Amino acid sequence: MHLDHSTTYPERHSASAVRADGSRRALRVGLGGPVGSGKTATVAALCRALRDRLSLAVVTNDIYTREDAAFLLREAVLPPERITAVETGACPHTAIRDDISANLEAVEDLEDEVGPLDLVLVESGGDNLTATFSKGLVDEQIFVIDVAGGDDIPRKGGPGVSTADLLIVNKTDLAPFVGSDLEGMARDARQQRGELPVSFQSLRGEPGVEPVADWVRARLADWTGAADAPRPEPERAAAHAGHQA
Amino acid sequence: MRAGAATLLVLADGRFPAGGHAHSSGAEAAVKAGRIRDAASLHRFCAGRLHTAGLTAAALAAAAAAGTDPLALDEAADARTSSPALRRTARRLGRQMMRAARATWPGPGLDALAAARPKGAHQPVVLGLAARSAGLTPLDAAHAAAYENVSGPATAVVRLLGLDPFDATAVLARLAPDMEEVARRAEEAARGPVEDLPAASAPLLEITAEQHAAWPVRLFAS
């Protein structure tokens, strides 16, 4: 049997931080959460907020259709070649956690075909509160819940609510209509998450997705700040040109 | 070094992260058409698949594990797969298998095929080469190919029909002698020239794979 080292080779299979040519690859941010909490709407809003300054791509993981990718295409938040749908065989959490190979390929193909990219958003199919992304697939993860899904969700915790790098409590504009206690949700979230950030969001008014976009920009600054050499300006400009469609 | 049964178990495990979970191997189309509706019809579907597409895949895997040129085998696999949708699926799964295999049993044979077929070689060829890299025998590779040929659809039918998982697993257990037989024949064929490898196929699987690929709404990628 041929086994070389006790550590595996990340560049062969997983989220190695550098590309084959030695440059730093795009930051990968996962968005997960229950069905209907607003993941796709948040991805669309993030694309609109970030696309003018960054080279972006999106991978969607639909449960049994290509609805989410179709929505993003219809909304024209990015050119179609920057959006890829992964099919998940009825198990969205498997595709983002236990067997990430199809998602890794989608991300790598996007880098090859429309790169260089600054940021790839990987949207999970709507799932349950235990669904989290593998660290082999994404660098940062956002968990999206909404006030209408029950204000006891932060109290219930679970891996998504407790450990995601950012928790979004979405649709705050609906709180008065569904009787959700936002202060209670914030208190419960703090209890579950300690110092990890929580963003209360409504995409129906100002400031909309902007606080979350700021959080993403800060993660990206950390990511690129850790790179040995920033990408030269002309190459960046060329990468952005494809976004104006 | 010769690897043993434990290594084969790792390779053949349904949880081996090589993308198989998103595919039904034709079972979704068969369920929709009413051809699979219970344990008995699942058994018939799996037996038919095993002795046709399964035998062809197991022989390709055994030949790759025996050291036959993988590019010649990849071509032979293309020639044996008339449906373009199934060729695409086989290459996609081959690429995913390659990623998992290079992480688990890295070796120059896998590296060379990955470089020659960056978008993926046919999955049974990669499976066979992975088995070789792991120190497994051609017969081991044939067993793994035969098993996954029926375990994939059985798992998918549990999700598609809500079929009792105990019944589905019992179907697999009853197919074990067939799997042994297919693996033995595959290994024997793999000792001969590539052009004489089995070329059995199931026309209905090929036709429904093309139809399934065009469905707007489906649970499985194939």
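Throughout, read-outs are computed from the coordinates displayed, never taken from laboratory work. Since this is a predicted model, take the numbers as computed values, not measurements. Cβ placement follows ideal geometry from the backbone for every residue including glycine, while neighbour counts extend to all protein chains displayed.
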Sites matching trypsin sites (Lys or Arg not before Pro) across segment B:92-144 that sit in DSSP coil, with at most 15 neighbouring C-beta atoms within 10 Å: B:Lys119
A convex hull over the alpha carbons of segment A:27-225 yields, per residue, a volume in Å³ of 112
Please give the average number of partner chain Cβ atoms lying within 10 Å of the Cβ of each residue in B:93-101, rounded to a whole number. 3
Quick one: check the C-alpha center-to-center distance for segment B:75-93 versus segment B:203-222, whole angstrom. 14
quick shape note, chain B: Cα extents on principal axes in Å, largest first -> 45, 33, 32
Sort out for me the Cα centre separation of segment A:119-189 from segment B:4-59, rounded to whole Å. 36
Once you sort the root eigenvalues of the Cα gyration tensor of segment B:1-110 as a ≥ b ≥ c, which label holds: rounded (a/c under 1.5), prolate (a/b larger than b/c) or oblate (the other case)? prolate
Which distance in nm do the two modelled labels at A:Gln191 and A:Arg217 give, with both placed 7 Å along the Cα-to-Cβ direction? 3.5
Counting helices only, and only those DSSP H runs with n ≥ 4, report the 222 nm mean residue ellipticity of chain B as the sum of -39,500 (n - 2.57) divided by its residues, in deg cm²/dmol to the nearest 500. -20500 deg cm²/dmol
Which listed residue (A:Val144, A:Gln192, A:Pro34) has the Cα farthest towards the positive end of the charge dipole for segment A:27-225, taking +1 on Lys and Arg C-beta and -1 on Asp and Glu C-beta about the Cα centre? A:Gln192
Of the listed peptides A:182-194, A:30-42, what is their order by residue-averaged count of other C-beta atoms within 10 Å, with the highest listed first? A:30-42, A:182-194
Neighbours of B:Leu163 by Cβ distance under 11 Å: Lys/Arg at +1, Asp/Glu at -1, summed charge -1
Write down the radius of gyration of the protein assembly as shown and its Dmax, each obtained from C-alpha positions, in Å. 23.6, 74
Would you mind giving the mean number of other chain beta-carbons within 10 Å of the Cβ of each residue in B:11-19, as a whole number? 3
In this structure, among A:Lys171/B:Lys119; A:Lys135/A:Lys171; A:Lys156/B:Lys32; A:Lys135/A:Lys156; A:Lys39/A:Lys135, pairs with alpha-carbon gaps over 31 Å are A:Lys171/B:Lys119; A:Lys156/B:Lys32
Restricting to Cα pairs under 8 Å and 6 or more apart, the percent relative contact order of chain B works out to 37
What does the charge add up to near B:Ser201, with Lys and Arg as +1, Asp and Glu as -1, over the other residues with Cβ less than 13 Å from its Cβ? +1
